[in-house]
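First comes the structure, then the notes that go with it.
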Amino acid sequence: MIKLEQLCRNFQVGDQVVHALDHLDMQIESGEYVSIMGPSGSGKSTLLNALGLLDSPTSGDYWLDGIRTASMDDNELAVIRQKKIGFVFQSFHLVPRMNAFENVELPMVLAGMAPAERQQRVQAALGRVGLEARRDHRPDQLSGGERQRVAIARAIVIVVTHDPAIGRRAGRQIRMEDGRVESDDKLAPVVNA
Amino acid sequence: MRMMDCNRIALGAVLRAPLRTAMMLLATAIGVGAVLLLTSVGESARTYVSGQFQALGTRQVIVFPGKSETSGNMPGAMPGDVERELTLDDARAVQRSPYVEMLSPIVVGSMPVSYGGRERDTTVLGVSHDFMAIRGWEIGTGEFLPDVDFDRAPPVCVLGRTVKEELFSEQVAVGKWLRVGSRRCRVVGVLLTEGTSLMIDANEIVIVPVAYAQALFDISGLFRIIVQAPGRGDIDATKRDITEIIKQRHYGKEDVTVITQDAVLATFDGIFDTLTQALAGIASISLVVAGVLIMNVMLVAVSQRTREVGLLKALGATRRQIIALFLTEAFFLASFGGLAGLAVGYIGVFVLELTFTDFTFTPPPWAVAAAFVVAIASGMIFGIMPARKAANLDPIAALAGRQS
């Protein structure tokens, strides 16, 4: 569960202060499928960075699963990212010298998980994205789509449990404008996510 | 993160950049190799010099007239300095000591010697029969001086090789009568031994019985007495006993100096130890240079892998983990470099051995260990800065490929 309260993120650009997130309030329930839209400069990336705990807000509060993250230091945030957050980056950010298996395994390696369990989870994650056959291929030996699927497998390997409800619940579309929520609409349930 | 995973990831980074790894290996290898080679050379010089002293015999004790502490000069160098000279009677008394296996009194001087029409100035050495055994010299033809009492002066002599060649050319020398100063003596042998020891050139001498030499130079004193102790462990006792015997004979005056080869040897040992250490120190500079190179290459690695560091941070790597990864990488680079350096060093030593067959080159174990440890330590120490730099990167900027 994600809960934002009066979240602000300001950037100093020359003499000007840019309010990338302007007193944002938001609540997202566990299992929700949310898309965030808006024109460029509306604060989407800043919001995602803040939600991903890669960036600390200027002011306001952010609760993730009931944990208040605003007062945490870098290392504590790193540990929370390790356990609760999976990223699929726009450019995938796979480690070029590691094969698909090792790339997917990386978050669990950092978390210090036992090799046997890692093995099992990587197999499962690669299976879900249909890449079992490509496990020994390095990123430069994979197509763009396959690379994206490796990145997705790496994002879900720790976070996602086999909850059948995920992705079938009602979707939600948040529109942003100038660091604020412009609209927040429930969508019809997503079939075949 | 598990130790094994950390090693595996760091090793992967090392192996997947072969050119970079090869360059760093080369730098560290040169440093370690240089330490091994230079210390081998220093050690070889030391072994060579101690070998020379060993050849002189480490059981030997030399007695000088005069007390070295009371005079700035070399004892016995100036006859006026000596209060009481060493005599043949002193030598005979010393020979009775249980701590003396054998000894030879020594008298040295310079005299013209001639045979036929040829004449030259030569060092004349007056010694006893045991001198040859003490020095370990060898006779080429004929025999050495006869084993007679110190007092007796049979007119016989033994020639050094150069002296023999210059006076007799190809002729047989043994049995011929040689003129030495105002006297004549019969040649009984020619030395095989060559080279210089104790400042006496074995080629350039005529050896005569000690009493004969005293008569020749018209002196009653001795230049030195060379003594051989029964065993290496007896040397201190020998030294003490000789001092005591002479003291008693000289009315309670301790007016001789007794030195051992060991004392001289120890001095040289000290000098060459210092030399070897200095060489090691100089060579260590190249290890530090290698460390700086490791730092530079690691800094480049951090910039090249900025996105990777950003990714690791996003995936939940703590500062500590990032530092561990980069330090492990530096460790692998430095230790592979160190191993390569040991190989380079030992190959170099082998080449030296083949080139200079007279010397043995062995890098001292402490130098081998120190070179390896310093190589790794310098790699790790210089790896800290780049590792910290990586750990301090901001994840968002790093993911975008920016360093700040």
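Run the paramagnetic zone check for A:S56: 7 angstrom along Cα to Cβ, then residues of the stretch A:73-106 with backbone nitrogen under 16 Å. Residues A:73-81 fall inside that zone.
Computed over the stretch A:14-63, the convex hull of the alpha-carbon atoms projects to a mean area of 4.4 nm². Counting other Cβ atoms within 10 Å as a rough exposure proxy, the listed residues B:H129, A:H23 run A:H23, B:H129 from fewest neighbours to most. Equivalent ellipsoid of the stretch B:257-404: semi-axes from √(5λ) of the C-alpha gyration tensor, largest first, are 47, 16, 11 Å. How high is the relative contact order of chain A, in percent, counting Cα pairs under 8 Å that sit 6 or more residues apart? Worked out over chain A, it gives 28 percent.
Fewest Cβ neighbours within 10 Å first, please rank B:K313, B:K239, B:K67 accordingly.
On the way: B:K313 27, B:K239 20, B:K67 16.
Ranked by crowding around the Cβ, least crowded first: B:K67, B:K239, B:K313.
Helix screen, chain B: DSSP H segments with Cα axial length of 24 Å or more and mean Kyte-Doolittle hydropathy at least 0.0 are B:18-56, B:261-304, B:319-355, B:365-391. Peptide B:306-313 has a mean shielding of 5, counted as Cβ atoms of other protein chains within 10 Å of each residue's Cβ. Multiplying each eigenvalue of the alpha-carbon gyration tensor of the protein assembly as shown by 5 and taking the square root yields semi-axes of 94, 24, 19 Å, largest first, rounded to whole angstroms.
Label positions at B:I347 and B:A263, each projected 7 Å from the Cα along the C-beta direction, are separated by 4.9 nm. Net length available on complete extension from B:W177 to B:I200 is 5.9 nm, with 0.36 nm assigned per residue and the Cα-Cα distance removed. Across the options B:G338, B:S286, B:G160, the greatest Cα extent toward the positive end of the charge dipole of the protein assembly as shown (unit charges at beta carbon of Lys, Arg, Asp, Glu) belongs to B:G338. With springs only between Cα atoms under 10 Å, which of B:G175, B:G383, B:G160 fluctuates most in a Gaussian network model of chain B? Highest fluctuation among the options: B:G175. Which residue, chosen from A:V34, A:Q141, A:L110, occupies the Cα position most advanced towards the positive end of the dipole of the protein assembly as shown, where the dipole is computed from +1 (Lys, Arg) and -1 (Asp, Glu) charges on Cβ about the Cα centre? Checking the options against the dipole of the protein assembly as shown, the answer is A:V34. Dipole magnitude for chain B: about 2240 debye, using +1 per Lys or Arg Cβ and -1 per Asp or Glu Cβ, origin at the Cα centre. Translational diffusion of the stretch B:258-301, estimated by Stokes-Einstein from the Kirkwood radius over alpha carbon pairs at 25 °C in a medium of 0.890 mPa s, is 187 µm² per second. Between A:S91 and A:V17, the simple label model (points 7 Å from Cα in the Cβ direction) yields a spacing of 3.2 nm. Anyone know which of B:G31, B:G231, B:G291 comes out most mobile in the 10 Å Cα GNM of chain B? In this elastic network of chain B, the residue with the biggest mean-square fluctuation among B:G31, B:G231, B:G291 is B:G231.
Could I get the Rg over Rh figure for chain A? Both from C-alpha atoms, Rh via Kirkwood, rounded to two places.
On the way: Rg = 18.0 Å, Rh = 18.2 Å.
In chain A, Rg relative to Rh is 0.99.
The magnitude of the dipole of the stretch B:296-366, with charges of +1 and -1 set on the Cβ of Lys/Arg and Asp/Glu and taken from the Cα centre, is near 680 debye.
Most mobile of B:Y251, B:Y115, B:Y212 per a Gaussian network model of chain B (Cα springs, under 10 Å)? Looking only at B:Y251, B:Y115, B:Y212, the biggest GNM fluctuation is shown by B:Y251. One compactness figure for chain B is 1.58, namely its Cα radius of gyration divided by 2.2 N^0.38 Å.
Taken along the Cα-to-beta-carbon direction at a fixed 7 Å, the label points for B:T362 and B:R84 span 4.8 nm.
Exposure proxy shown here: for A:M26, A:M108, the number of other Cβ atoms within 10 Å sets the order, fewest to most, as A:M26, A:M108. Go through A:C8, A:V122, A:S56 and say which Cα lies farthest out towards the positive end of the charge dipole of chain A; charges sit on Cβ, +1 for Lys and Arg, -1 for Asp and Glu. Of the listed residues, the answer is A:V122.
If contacts are Cα pairs under 8 angstrom and at least 6 residues apart, what is the relative contact order of the stretch B:106-243 in percent? Here the relative contact order equals 32 percent.
So how strong a dipole does the protein assembly as shown carry about its Cα centre when Lys and Arg Cβ are +1 and Asp and Glu Cβ are -1, to the nearest 20 debye? Don't skip to the answer; put the middle values down first.
On the way: 59 positive and 63 negative charges, 431 e Å.
Dipole of the protein assembly as shown, to the nearest 20 debye: 2080 debye.
The calculated FRET efficiency for the pair B:V292 and B:A22, based on their C-beta separation and a Förster distance of 22 Å, comes to about 0.80.
Stretched out fully, how many nm does the piece from A:Q27 to A:Q6 gain, at 0.36 nm a residue minus the Cα gap? Working shown, then result.
Details: separation 21, 0.36 × 21 = 7.56 nm, distance 1.16 nm.
Residue separation times 0.36 nm, minus the Cα-Cα distance, leaves 6.4 nm.
Bear in mind these aren't lab numbers, they're just calculated from the coordinates by the rules spelled out. What you are looking at is a predicted structure, and each value in this text was computed from that prediction instead of being measured. Glycine also receives a Cβ, built like all others from the backbone with ideal geometry; neighbour counts cover every protein chain displayed.
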